[in-house]
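Only one structure is covered here, and it is reproduced in the block below.
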């Protein structure tokens with residue numbers, strides 16, 4: 001046992017906020033946030049400044065440190081986000097681009113991410129979605145099923161040409 005004072009955690013209610021280092025407070029907030037999932041630099045910056053009241057300079061300094069040690073990496077975040085959204089929600093690349101913009105990822109990183117994604121996979125992903133939705137529409141008249149399937153693909157961000165091709169193929173497979 002040492003004879004020195006016991007250090008207090010920043011979440012200790014007895015700690016005097018005036019003595020706390022703002023960068024350290026922001027670091028603890030950001031690390032708690034990063035324990036939940038990956039975030040883009042822009043998302044964390046917005047959270048720290050707007051929702052938690054940190055100074056922008058403090059947030060920038062902290063985020064530079066977190067990037068340097070690899071805890072915040074927009075390229076890794078964007079690629080993982082794109083792969084997850086394509087796999088789980090079968091979103092188009094344009095819909096994923098819009099989501100990444102909303103998450104404050106730079107246009108350059110979005111372009112890199114989308115070019116790394118399989119462009120040919122866009123048609124296959126649309127077809128997989130159309131097939132899964134078409135099974136539920138077996139009893140409907142073909143024009144109604146066609147319209148509903150095309151609308152479902154449009155809501156996911158697919159271009160009309162990709163949507164119509166996928167719907168045609170999915171409905172043709174159902175007819176077989």
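Here, each number is a calculation from the coordinates, and none is a lab measurement. Computed from a prediction, not measured in an experiment: that's the story for all the values here. Methodologically, a virtual Cβ is constructed for each residue, glycine included, from the backbone with ideal geometry; neighbour enumeration extends over all protein chains shown.
To keep it simple, each residue is scored yes or no on (1) within 30 Å of the chain's Cα centre (by Cα); (2) surrounded by fewer than 17 Cβ atoms within 10 Å (Cβ to Cβ).
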{"position": "136", "(1), (2)": "yes, yes"}
{"position": "149", "(1), (2)": "yes, no"}
{"position": "153", "(1), (2)": "yes, no"}
{"position": "158", "(1), (2)": "yes, no"}
{"position": "167", "(1), (2)": "yes, no"}
{"position": "172", "(1), (2)": "no, yes"}
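Here residue 141 meets the list (1) touching a helix residue (DSSP H, G or I) at 6+ places or on another chain (Cβ under 8 Å); (2) over 30 Å from residue 42 (Cβ atoms) almost entirely, failing just condition (1).
The rows are residues; the columns are (1) at positive phi; (2) in contact (Cβ under 8 Å) with a residue 40 or more places away in the chain; (3) touching a helix residue (DSSP H, G or I) at 6+ places or on another chain (Cβ under 7 Å).
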| residue | (1), (2), (3) |
| --- | --- |
| 94 | no, yes, no |
| 103 | no, yes, yes |
| 109 | no, no, yes |
| 129 | no, no, yes |
| 145 | no, no, yes |
| 162 | no, yes, yes |
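Considering only residues of segment 26-37 that are surrounded by 12 or more Cβ atoms within 10 Å (Cβ to Cβ) and over 21 Å from residue 102 (Cα atoms), which is nearest to the chain's Cα centre (by Cα)? So, considering only residues that are surrounded by 12 or more Cβ atoms within 10 Å (Cβ to Cβ) and over 21 Å from residue 102 (Cα atoms), the one nearest to the chain's Cα centre (by Cα) is 31.
Within the set 92, 84, 40, the sole residue that is within 30 Å of residue 122 (Cβ to Cβ) and surrounded by fewer than 16 Cβ atoms within 10 Å (Cβ to Cβ) turns out to be 84.
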